[in-house]
1. Calculate I(q)/I(0) for region 1-41 by the Debye formula, one identical point scatterer on each C-alpha and no solvent, and give its log10 at q = 0.20 Å⁻¹ to two decimals.
2. Which order do peptides 15-22, 127-134, 89-96 fall in by mean Cβ count within 10 Å, highest first?
3. Using only Cα atoms, tell me the angle between helix 21-32 and the longest principal axis of the chain; keep it within 0 to 90° and round to the nearest 10.
4. Count the DSSP beta bridges whose two residues both fall in the chain, then state the antiparallel fraction as a percent rounded to the nearest 5.
5. Any idea what the relative contact order of the chain is, in percent, if you count C-alpha pairs under 8 Å spaced at least 6 apart?
6. Can you pull the three principal axis extents for the Cα set of region 1-77, in Å, largest first?
7. Leaving out ligands and nucleic acids, note down the accessible area per residue over the chain with a 1.4 angstrom probe, in whole Å².
8. Under 8 Å for C-alpha pairs, at least 6 residues apart: give me the relative contact order for region 26-95, rounded to a whole percent.
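The values are calculated or read from the model by the stated rules, or taken from the named source; none is laboratory data. Source: prediction; values computed, not measured. Cβ: placed from backbone, ideal geometry, glycine included. Neighbour counts: every protein chain shown. All accessible areas refer to the heavy atoms of the entire protein, side chains included, with ligands and DNA or RNA removed. Shrake-Rupley method; radii C 1.70, N 1.55, O 1.52, S 1.80 Å.
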Amino acid sequence: MRPNRSIPAPTVIPVLIYPDVREAVDWLTAAFGLVERVRIGENHRSQLSLGDGALIIGDVRGERRPPREGEVTHSVMVRVEDVGSHCERARAHGARIIQEACDFPFGERQYTAQDPAGHQWTFSQTIADTAPEDWGGISLSP
């Protein structure tokens, strides 16, 4: 793929809508450790990165809205090195912890948090290299 410094490099780039882009960026960088890479307008959009992943934060406009209370339409999954310390950092910044960190048979330790705008995030730490067939999954591609 042809590079362009004006857009993040990953193939898939989620766009999440927040009522206040600057407030969201400040919170996401402090609580979850994301890094702002490009700011577009004062409160229009921002591109964030973490590791080799990317995310765009957009403002409320037209039909674009953040999640409504009690509604989950999506979740963002992010791989991190240490789920326990990441969870404590998020909790210290006011994240609502929906599921405390726990180990899963598919080789991951995960916790799920909700940010102030209602977006759900699952943070995952690999604890074992586990074949999908070992826990009931089916491998379909290498």
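1. For region 1-41 at q = 0.20 Å⁻¹, log10 I(q)/I(0) is -0.76.
2. Order by mean packing, descending: 15-22, 89-96, 127-134.
3. Relative to the chain, helix 21-32 is tipped by roughly 30 degrees.
4. Among the beta bridges of the chain, antiparallel pairing accounts for roughly 75 percent.
5. 19
6. 39, 27, 27
7. 62
8. Working: 59 pairs, mean separation 20.4, N = 70.
Here the relative contact order equals 29 percent.
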